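Here is the structure we will look at.
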Amino acid sequence: MVQIRKILVCIQFNKSCKTTVPHACALAERFGAELHALHVLEASSEPDVAALPPDEASFASGGADLVLAGIIPPEWEERLICQRAVTFGVPWIEITRYAWQHEIDIIVIGASRHSAWSRWVRGSVTDQVVHHAPCPVFVICHTERRFPLA
């Protein structure tokens with residue numbers, strides 16, 4: 001029997017966040033699982049940049065709780081055990097590493113919204129996570145259709 005004790009939701013701060021977080025929360029509640037929210041700040045290829053981007057500046061001053069404040073709706077926050085983390089690096093590598101280190105049972109991530117050309121040239125975080133994750137990956141497609149979560 002498969003046990004889902006820990007669920008990782010990847011926070012991308014785009015449209016997909018509106019669908020990935022509620023789905024991850026619903027899964028966590030249904031399985032009585034701990035919910036981990038992870039945001040990865042991409043490592044800059046320009047080491048001489050003096051100012052930190054907004055997300056990195058928030059992280060430097062207040063940590064993961066400040067960067068991810070309010071990302072999990074209060075009605076879910078009260079009912080779930082939630083962990084928040086922010087890491088620096090290559091997103092798919094950091095997501096995969098976090099899943100290994102925290103023994104995550106399922107990863108919830110939004111589908112990438114890049115063009116076919118962009119995905120071919122650079123790849124997509126979602127594709128890389130699906131191929132390298134140590135556990136099943138639940139890919140959520142952002143859609144205007146509404147599906148009941150409970």
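The values are calculated or read from the model by the stated rules, or taken from the named source; none is laboratory data. All values reported here derive from a predicted model rather than from experimental measurement. Here the Cβ is made from the backbone with ideal geometry for all residues, glycine too, and neighbour counts use every protein chain on show. To get the accessible areas, we keep the full protein, side chains included, count just its heavy atoms, and leave off ligands, DNA and RNA. Shrake-Rupley method; radii C 1.70, N 1.55, O 1.52, S 1.80 Å.
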Of all residues in region 40-66 being touching a Phe, Trp or Tyr at 6+ places or on another chain (Cβ under 9 Å) and modelled with pLDDT under 55, the one that is least open to solvent (accessible area, probe 1.4 Å): Glu56
Close pairs from region 123-150: first more than 17 Å from Lys18 (Cβ to Cβ), partner at pLDDT 90 or above and in a loop (DSSP other than H, G, I, E, B), Cβ under 8 Å, at least 6 apart: Pro134/Ile104; Cys135/Ile104; Cys135/Asp105; Pro136/Asp105
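For region 23-36, enumerate the residues that are among the small types (Gly, Ala, Ser) and buried (at least 24 other Cβ atoms within 10 Å of the Cβ).
Step one: list which residues in region 23-36 are among the small types (Gly, Ala, Ser), which gives 24, 26, 28, 32-33.
Matches in region 23-36: Ala24, Ala28.
Being over 14 Å from Ala26 (Cα atoms), outside any strand (DSSP E or B) and in contact (Cβ under 8 Å) with a residue 40 or more places away in the chain is the filter; apply it to region 67-84 and report the residue that is most open to solvent (accessible area, probe 1.4 Å).
Only one residue tops the list, namely Ile71.
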Selected residue (criterion: least open to solvent (accessible area, probe 1.4 Å)) from residues of region 85-123 that are modelled with pLDDT under 90 and part of a helix (DSSP H, G or I): Ser118
